[in-house]
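A.B. asks: Have a look at this one before I ask anything.
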Ligand code: PRP
Ligand code: ZN
């Protein structure tokens, strides 16, 4: 259907599906139930969502069947499609790892020599082996790679590990990492030539970046004795200069600042030691820097 909308490809069913939809909803896109349909039009935005197998997404974006897509870097690098990676999305983190039956786990890359390795990622694995000058046999399997060792098809596997549940259920143990991945937004190389669609992409990227930076930041508020103000300001890893407000109590000031979320627990002890009180930490919904 050619309605001029930007076509965004998403993984139909898998590790990235729910988080991709969640990100788009945080960006203000009004998305209805999507579970059974191949294509969904977003009601309040010029985007159509296409639900596809993740392995197919880079090629569809390269060929222009979809204009943009959300997919793992693992698939992007494996497929070697000619697309642009527009943004890293900070979720769907996983590792492509060597894994083996519990009693036979390689400790370092040279232990792979002479082994047979089953994988759905032959390109990434072969590149890794070549770079490390290791001679192993790679067998390409498109799904359920984890059962290859028990079937006697391969000594080892090279597959995606996220929580580790799949390996555990198949009595496999992880060895070392070949490639690290997270979800990315990819786009078609020629999209710039379609002014309207390109404008929608840029607006979407602005929204995504504001959601991502808001997620990584928190709004910190506290009261500080006037005499300790410099000390407290020195402790705050603020993204911008903190805001200082007067209080009815003339001995104290209120200090407000936006800080990186992960810093809070590192500075809280020092803030209290510097006399900060009434410390509040708020989530930020959106942040346009
Ligand atoms: C990967 C991999 C495992 C699973 C591992 O599949 O093939 O099945 O994730 O995750 P775990 O460590 O949390 O158990 P993916 O979601 O990439 O889907 P696909 O292989 O069907 O494309
Ligand atoms: Zn896949």
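The values are calculated or read from the model by the stated rules, or taken from the named source; none is laboratory data. Note that the structure is a prediction, hence the values are computed from the model and not measured. Here the Cβ positions follow ideal geometry from the backbone for every residue, glycine too, while neighbour counts run over all protein chains shown.
A.B. asks: Quick one: which of 86, 110 is in contact with a strand residue (DSSP E or B) (Cβ under 7 Å, 6 or more places away or on another chain), away from ligand 1 (no atom under 15 Å from the Cβ) and either more than 30 Å from residue 9 (Cα to Cα) or not in a loop (DSSP other than H, G, I, E, B) (or both)?
C.D. replies: 86
A.B. asks: State all residues of the range 228-248 that are farther than 23 Å from residue 286 by Cα, free of Cβ contacts under 8 Å to residues at least 24 places away in the same chain and not in a strand (DSSP E or B); if no residue qualifies, say none.
C.D. replies: 230, 233, 234, 248
A.B. asks: Those residues that are within 21 Å of residue 144 (Cα to Cα), in a loop (DSSP other than H, G, I, E, B) and touching a residue at least 60 places away in the same chain (Cβ under 8 Å), I need them from the range 89-105; list them, please.
C.D. replies: 92, 93, 102, 105
A.B. asks: If a residue must be touching a helix residue (DSSP H, G or I) at 6+ places or on another chain (Cβ under 9 Å) and touching a residue at least 60 places away in the same chain (Cβ under 8 Å), how many such residues does the range 249-282 contain?
C.D. replies: Of the residues in that region, 1 qualify.
A.B. asks: If we keep just the residues of the range 134-147 that are loosely packed, with under 15 Cβ neighbours inside 10 Å and closer than 16 Å to residue 106 by Cα, which is farthest from ligand 2 (Cβ to nearest atom)?
C.D. replies: 135
A.B. asks: Of the conditions (1) free of Cβ contacts under 8 Å to residues at least 60 places away in the same chain; (2) on the phi < 0 side of the Ramachandran plot; (3) within 16 Å of ligand 1 (Cβ to nearest atom), residue 144 satisfies every one except a single condition; which number is it?
C.D. replies: (2)
A.B. asks: Another question about this same structure. It is to be established whether one or more residues within the range 15-33 are closer than 23 Å to residue 82 by Cβ, assigned to a loop (DSSP other than H, G, I, E, B) and in contact with a helix residue (DSSP H, G or I) (Cβ under 9 Å, 6 or more places away or on another chain).
C.D. replies: The answer is yes, given that some residue of the range 15-33 is closer than 23 Å to residue 82 by Cβ, assigned to a loop (DSSP other than H, G, I, E, B) and in contact with a helix residue (DSSP H, G or I) (Cβ under 9 Å, 6 or more places away or on another chain).
A.B. asks: Taking the condition touching a helix residue (DSSP H, G or I) at 6+ places or on another chain (Cβ under 6 Å), at negative phi and not assigned by TED's automatic domain parsing to the domain that holds residue 68, does residue 166 pass?
C.D. replies: In short, yes.
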